[in-house]
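Have a look at the structure below, then the notes.
Values in this text are rule-based calculations from the coordinates and carry no lab data. Being a predicted model, the structure only gives us computed values, none of them experimental. Here Cβ is always computed from backbone atoms with ideal geometry, including for glycine, and neighbour counts include all displayed protein chains.
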Amino acid sequence: MDEKWRKFHHFMKSEPNLQGALAGISIRTRKTGELLYEHLGDTRLHPASNMKIFSCATGFAVLGENYTFSTELWIDGEIKDHILIGNLYLKGKGDPTLLQQDFEYLAQVIKEKGILEIQGDIIGDDTWYDDVRLSQDLNWNDEHYYYGAQVSALTASPNQDYDTGTVMLTISPGDKPGEKPTISLTPLTNYINIINRAITTESHVEEGESEITVIRLHGNNDVVVEGSISLNSESLKEWVAVWEPTDYAIELFQNALKKLGISTSGTAIRGVTPKQASLLYVRDSISLADLSVPFMKLSNNGHGEMIVKELGKVVKGEGSWDCGLNVMEETLNTLGVDTSKLLIRDGSGISHVTLIQPNEISKFLFRIQEEPWFNSFYRSLPVAGNEDRMIGGTLNDRMYGLEVHAKTGTIMGVSTLSGYLKTKEGEELIFSIMLNNLLDEEDGPDIIDKLVEYIISEKSKTIVS
């Protein structure tokens, strides 16, 4: 064994915060795939968001880099004297990129088609996917956070991070202590009901500390804002996942129609686009290659789950987790992964049940370098120390000055990092580091960064036996 890896092994074993934890590590050469070092490399461990490596790659392999998600406008009546006598259908087909301005654009399309009045209903059709909103292993207390948002084929995002099914709250201090903070919403919507129990406190000159919590109550869209915000604090941004994203999207579309003076006599409801309806317009999302940037850089859970359901819909005719995960496993097998050794339960990695071996991840990262879509995959990985969010992503404040392109992962008790690096000697390596059973997962990034820095900085010295 190379002396470097002997030293690395001792360095890893001496880390005090790994006592009682599991450290699965797999390191290969990027050129040949030769396994240089492993520790618990064939032990199944929770990957957290390293699962996205598989879902992103599978999306490219099955759907293609140029694949887009569409949103369609349909009508089932006729247009006479600027009046649609019939229903207007907004059919979602898994587009995670719909913003408020996109609903306004779709409303403008309606107006440009000569429709100023709708004598019928506004119907949102989300049947492209099934109606199971949350993955099977999502913790119940995560469902109001942006990373636990419900999945629907018809949904909306507040900004170009594309956190589907969420609303962004901007919370600013009041004018004086004792006043409630002001809260604005992006997008502008009445879909959630803000219960403001927070208070503005005296200024803390040094830090301007604030302690705000935002919780959506289960089963409805009452959002409770509690805690305190300092008078001299900057505005805070918080994201909250809505209950039933389809209705959220319908409301945004209905508001956009009203804004343009398009009147309706019916109601806004969920339903199914009839076979005899006529297609009016199709809006396509950005390509999967471009979507993979916020997906992987920002570790967007919603994108991972929507890709899984899209795989199921496109290949099996059913937009469900069961069908999508079945397609994923079939595809991974063709890409050299022994899925009989794995347990995969979702596309995002939020599951505490999913189990993957570090050696399978590193082997997969080596294998896919031959794929025609690899450049898009590689571009999607966070880049260490790059402060541009859409380049550095979740590594934007880690490992400054080191050449690391890798996917992060964090759930309770778990911290992971897998990807590609270059040592100070110019050697290119593939690595997977999976820390499980940590007492505090927040210790994980520091431990991993120390290990990666050691790998990059320590010189190789071959032992001659």
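For the reader, a short list of remarks on this structure follows.
- Relative contact order (%) - criterion: Cα under 8 Å, at least six apart; region: the range 197-330: 13
- Per-q log10 I(q)/I(0), the range 22-143, q = 0.13, 0.16 Å⁻¹ (Debye; single scatterer per alpha-carbon; no solvent): -0.80, -0.99
- The long axis of helix 100-112 is offset from the longest Cα principal axis of the chain by roughly 40 degrees.
- At most 11 other Cβ within 10 Å, DSSP loop - GluC sites (Glu not before Pro), the range 225-323: GLU234
- Cα gyration tensor, the range 381-444 - rounded (a/c under 1.5), prolate or oblate: oblate
- Likely footprinting exposure, THR166, THR408, fewest C-beta neighbours within 10 Å first: THR408, THR166
- Pairs of Cα atoms nearer than 8 Å and 6+ residues apart set the relative contact order; for the range 105-180 it is 20 percent.
- Normalised per residue, the volume of the convex hull around the Cα set of the range 198-319 (Å³): 211
- Between the Cα long axis of helix 3-13 and the first principal axis of the chain there is an angle of about 60°, rounded to the nearest 10.
- Convex hull of alpha carbon positions in the range 248-351: directionally averaged projected area 9.8 nm².
- Couplings 3J(HN,Hα) of the range 18-35, computed from phi: 9, 5, x, 9, 10, 10, x, 9, 9, 10, 10, 6, 6, 6, 10, x, 4, 6 Hz, in residue order, whole Hz [Karplus 6.51 cos²θ - 1.76 cosθ + 1.60, θ = phi - 60°; x for Gly and Pro].
- Modelled spin-label separation between ILE195 and VAL282, with each label point placed 7 Å from Cα along the Cα-to-Cβ direction: 4.5 nm.
- Dimensions of the range 131-184 based on its C-alpha atoms, expressed as ranges along the principal axes with the largest first, amount to 45, 25, 16 Å.
- Rounded to two decimals, the Cα radius of gyration of the range 81-182 over 2.2 N^0.38 Å is 1.44.
- Taking the longest Cα principal axis of the chain as reference, the axis of helix 288-297 is set at about 60 degrees.
- When you filter the trypsin sites (Lys or Arg not before Pro) in the range 267-369 for DSSP loop state and at most 10 other Cβ atoms inside 10 Å of their Cβ, you are left with LYS275.
- Long-range tail of P(r) for the chain (Cα pairs > 42 Å, %): 24
- With 10 Å bins beginning at zero, the pair-distance distribution over Cα atoms of the range 107-258 amounts to 11, 33, 29, 18, 8, 1 %.
- For the range 377-465, the list of GluC sites (Glu not before Pro) that fall in a loop by DSSP and count at most 10 other C-beta atoms within 10 angstrom reads GLU387.
- For the range 59-105, a Kirkwood radius taken over Cα pairs fed into Stokes-Einstein (25 °C, viscosity 0.890 mPa s) yields D = 187 µm²/s.
- Annotation for the range 332-357 versus the range 127-171: alpha-carbon center distance of 22 Å.
- Computed label-point distance, nm, for sites GLU34 and VAL109 using a 7 Å Cα→Cβ extension: 5.5
- Based on the Stokes-Einstein relation at 4 °C and a viscosity of 1.567 mPa s, and on the Kirkwood radius from alpha carbon pairs, the range 294-423 is assigned a translational diffusion coefficient of 83 µm²/s.
- Length-normalised contact order of the range 330-388 in % [C-alpha pairs under 8 Å, at least 6 apart]: 26
- Label-point gap, in nm, between GLU371 and LEU335 - each point 7 angstrom along Cα→Cβ: 0.3
- Fully extended contour minus Cα-Cα distance, from VAL132 to GLU226, at 0.36 nm per residue: 30.8 nm
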